[in-house]
Each structure stands twice: as structure tokens, then as C-alpha cells.
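Undergrad: Starting off with a structure, shown below.
The values are calculated or read from the model by the stated rules, or taken from the named source; none is laboratory data. Small disclaimer: the values here were computed from a predicted structure and weren't measured. Glycine gets a Cβ as well: all are built from the backbone with ideal geometry, and neighbour counts include every protein chain shown.
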Amino acid sequence: MSWASKLSKPYRIDHGKNFRLTDFDPATTGHLRSKEHAKELLEQSITEMAELQDKLYAQDCWALLLIFQAMDAAGKDGAIKHVMSGVNPQGCQVYAFKAPSSEELNHDFLWRTSRVLPERGHIGIFNRSYYEEVLVVRVHADILKNERMPKSLVGKNLWQERFEDIGNFERYLSRNGVVVRKFFLNVSKKEQKRRFLERLETSEKNWKFSAADVRERECWDDYMKAYEEMIAATSTKHAPWYVVPADNKWYTRLVVAAAIVDTLKELKVAYPVVDPEKRKQLEAARAELERKK
């Protein structure tokens, strides 16, 4: 088993039958010797990821979709920025999903994300995603009214039906060469408070803070219940969740990077093999170039 697999496997959920969010400690740093050791491993993983991404792009068969979900201040932006710092921008697409627009509300809940799925050979990153539809929409019932769903379709089984729809969608993606990996950055309520206060006390970070963040914090228990049920219902072998400890950002980034490296290795991506006919053409081209000045 590779180091990437060993590091990320404890946080991977392939099925959610017995999943309990309380079984995962947001503050753990695994068995790492030190923060410095983690930084070394992160640099190593970024280099390895860049090499694997180059092969993914050249092979042009698979697509990789990375989904990030978390409570406010859990570090999604930072994880995406640091972990993906070494990849080729030509082969990577990042989309952040905020409150849906009027146009988006006029379509089904998967429409706005379906439009920007990664193409073959690319890595697509969703900063929030269609999972908002079973998180924030579930916690705040008034949002559901704005979706203008037919009343006959909004029943007591709505959330289970959406879990089923998401599961079918991710199965469809996997059958068409889009590999889905999902990350829940698991930050504690205590650490979130510390980060909010830091944003308020540091002028350079004031822009990150919104009064709405405090209001959402009041719904913490509702969100934890929604996350637990969501992960339990939508964890599969082809689209697993990683419940990543998020109280220590340096460890969060390493676990995310390890999971991505492990996934790309599982795909056995490789540069295309040149067939004999193509090889002849290349040799002829080289001979012609060597003859000319």
C-alpha cells in the first residue's frame, strides 16, 4: 500500500451503513511526526500529482471530479489553492457555487453543476456543489420554496429521493469515465469560532467575514445532522466521501492531496503508446528535420 493510500484510507467512506460523524475527530493529525514532516509529504504529493495529471491529460480518457463541502471557515479555498498549486491550469477547471441565480432556479437541482462537468483528461473542482440541495436547502426550508417545485413533489421523502437522484447521477458519471471523489472538511465548532474571531481581528481577513456566517453557526446541530445523513446515504465505492480532519489546515491539505494522488494511481494513467505506423511517421519527420538547416 502506498503512503498516499495509507494516509487517506482512514478517512474514506465507501458505504455509510454504520457511519457516524462523531467517530471522526476534527483535530487529529494521524501518526505524523511533525508539521514539518507533513509539509515535506505535501510537497512530494504535489510533485507526484503534477506528473499524474500530465498523464491524465495526455491519455484523454478519464475525467476527475473533486467535490468540496464544509461549514464556513473550514478551509475549502485554502485546500484547493495549496493542494492544486502544482497542476497545469490547462487541465484543471474550478467552479464555486453560491446561491442559485434565477436562471438556475428555473431548472432541476443538478442542472447548474451538470453544465460544467470536467471534460476527458481534465480535473474538475467544485467548491460546494449539488450537495447544497440536501444541506443548506434542508436546514433552511424557506429556500426550498424559491425552487418552485410542484407541491405534489415536495413530500416527506424529498431528501431520500434527492439522495437517490444524486447516487444515480454519480453512478452515471462513473460509468462514463468521470471519477468522483468527495471531501467533507470536518472542522470543529470551537475551531470555527477561533477562525471567525481571527477574521474579525485581522484587517486583511475582514473581507472573508459575513454576518450571515454567525447566523449559520446557530444552525450547527442541524447542519451536523444533515451532513451525517448525507454522507451515510451517498457514500459508495465509485464515489466515496473523505471525512477530512480540518482543525489543522496543514494536515487537511495533506490528506486531500494524498487522496487525489491515490485516486490517480488507481486509474493507472499513462502516456499514450505510439503504434508502429505512427512511429514510422515520427521517424520520417525527424529525418526530414535533420536534413534541413
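Undergrad: List the residue pairs whose Cβ atoms are under 6 Å apart, where the first residue sits in region 258-282 and is closer than 18 Å to Asp60 by Cα and at pLDDT 95 or above, the second is in a loop (DSSP other than H, G, I, E, B) and not basic (Lys, Arg), and the two are 6 or more positions apart or on different chains.
TA: Going by the 6 Å Cβ cut-off, the qualifying pairs are Leu267/Trp62.
Undergrad: Now, a different point. Restricted to region 207-235, and to residues that are in contact with a helix residue (DSSP H, G or I) (Cβ under 7 Å, 6 or more places away or on another chain) and either polar (S, T, N, Q) or in a loop (DSSP other than H, G, I, E, B) (or both), which residue is surrounded by the fewest Cβ atoms within 10 Å (Cβ to Cβ)?
TA: Selected residue: Cys219.
Undergrad: Applying the selection to region 92-113, what residues are among the small types (Gly, Ala, Ser) and at pLDDT below 95?
TA: Ala99, Ser101, Ser102
Undergrad: When region 189-208 is examined, which residues are found to be under 23 Å from Asp221 (Cβ atoms) and among the polar types (S, T, N, Q)?
TA: Passing the criteria: only Gln192.
Undergrad: Now for a different question. Report, ordered by the first and then the second residue, all pairs with beta carbons closer than 6 Å, sequence separation of six or more or different chains, a first member in region 6-17 that is closer than 17 Å to Ala257 by Cα, and a second member that is among the aromatic types (Phe, Trp, Tyr) and part of a strand (DSSP E or B).
TA: Taking only residues 6 or more apart or on different chains, the pairs are Tyr11/Tyr242; Arg12/Tyr242; Ile13/Trp241.
Undergrad: Identify the residue in region 8-41 that is in a helix (DSSP H, G or I) and at pLDDT below 95 and, among all such residues, is farthest from Arg181 (Cα to Cα).
TA: Glu36
Undergrad: Considering region 236-250 alone, what residues qualify as being of a type outside the set (D, E, K, R) and either within 16 Å of the chain's Cα centre (by Cα) or under 13 Å from Lys9 (Cβ atoms) (or both)? Don't jump to the end; show me each part of the working.
TA: Step one: filter region 236-250 for residues of a type outside the set (D, E, K, R), giving 236, 238-246, 248, 250.
Passing the criteria: Thr236, His238, Ala239, Pro240, Trp241, Tyr242, Val243, Val244, Pro245, Ala246.
Undergrad: Of the numbered conditions (1) outside any loop (DSSP other than H, G, I, E, B); (2) in contact with a helix residue (DSSP H, G or I) (Cβ under 9 Å, 6 or more places away or on another chain); (3) more than 20 Å from Thr113 (Cβ to Cβ); (4) modelled with pLDDT under 95, Glu204 satisfies every one except a single condition; which is it?
TA: (2)
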